[in-house]
Each structure stands twice: as C-alpha cells, then as structure tokens.
Amino acid sequence: MLEPVPSHDAAQVRMENTEIYLNHPTFGLLFRVCLVAENRELFATLYAQRLFFLVTTGIQGIQFEPIGRSDARILVESRLRDLRRNGHLQEFSQIQAIHKQTFQ
C-alpha cells in the first residue's frame, strides 16, 4: 500500500550529476536506482540495498510503495530495454552499472 508523505517531510538532495538521495521518514537515506516512468522512480536503502521503494511524486507529495527485490530487478531491466531500444546509450551504460552493482 502506498504511504503518502508530505513533501516537506522528505528532503531530496542532489550530489554530483547522477546521484539522487531521498530521506524516507522511517528507513532513512535512500538512493535513486533509476527513473521508471514520469514521476515514478525506483529507490533502495543506501547501506543494505535490500529494501526497494517505488517513489511517486505528485500534487499530494511523495508516496513510497515498498516492492520486492525481484520486482525491482524487473523494473530496472525493463528500463534498460527501453533505453537500448531508444538509443540512449549513455544513460543505458550508467543504469547497467547500477544493475550489476545492485543485483549481481
């Protein structure tokens, strides 16, 4: 079930060019694995990389939906296929490296 969180409770911090972090009110610092769709991103816990969240941003703020590791892997692999199909090779390489680090 989605857990709505007002946007003022979740601080988003950008570090370097591609790393995005989000502070979850219960689980602490999350890092962005990849963009899944417009306003939907996959995040994982920073240290253990075992808890995954589908984060949706909208008018009501930020919503965290916990998902399993296998579902997270499927989302990343689907994103990789889309990037390769559309010729976005630089982003494909970045997400492929994250995929290897996180799931293999």
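The values are calculated or read from the model by the stated rules, or taken from the named source; none is laboratory data. Quantities reported herein were computed from a predicted structural model and do not represent experimental measurements. Please note: Cβ atoms are built from the backbone with ideal geometry, for glycine as well, and neighbour counts cover all protein chains shown.
Matching residues to (1) loosely packed, with under 10 Cβ neighbours inside 10 Å; (2) in contact with a Cys (Cβ under 9 Å, 6 or more places away or on another chain); (3) modelled with pLDDT of 90 or more:
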position	(1), (2), (3)
GLU3	no, no, no
GLU16	yes, no, no
ILE20	no, no, no
THR26	yes, no, no
GLU41	no, yes, yes
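Whether a residue is modelled with pLDDT of 90 or more and surrounded by 16 or more Cβ atoms within 10 Å (Cβ to Cβ) was assessed, and LEU35 does not pass this test. The residues of segment 17-70 that are of a type in the set (Gly, Ala, Ser) and closer than 14 Å to ILE98 by Cα amount to a single one, ALA44. Can you work out which of the residues in segment 5-14 that are surrounded by fewer than 15 Cβ atoms within 10 Å (Cβ to Cβ) and part of a strand (DSSP E or B) is modelled with the highest pLDDT? Among those that are surrounded by fewer than 15 Cβ atoms within 10 Å (Cβ to Cβ) and part of a strand (DSSP E or B), it is GLN12. For segment 70-89, the set of residues classified as over 14 Å from VAL36 (Cα atoms) and touching a Leu at 6+ places or on another chain (Cβ under 9 Å) consists of LEU89 only. Considering each residue of segment 67-75 in turn, none proves to be surrounded by fewer than 17 Cβ atoms within 10 Å (Cβ to Cβ) and touching a residue at least 60 places away in the same chain (Cβ under 8 Å). Strands (runs of 3 or more DSSP E) fully within segment 30-104 that include at least 2 residues being over 11 Å from the mean Cα position of the chain (by Cα): 52-58, 61-67.
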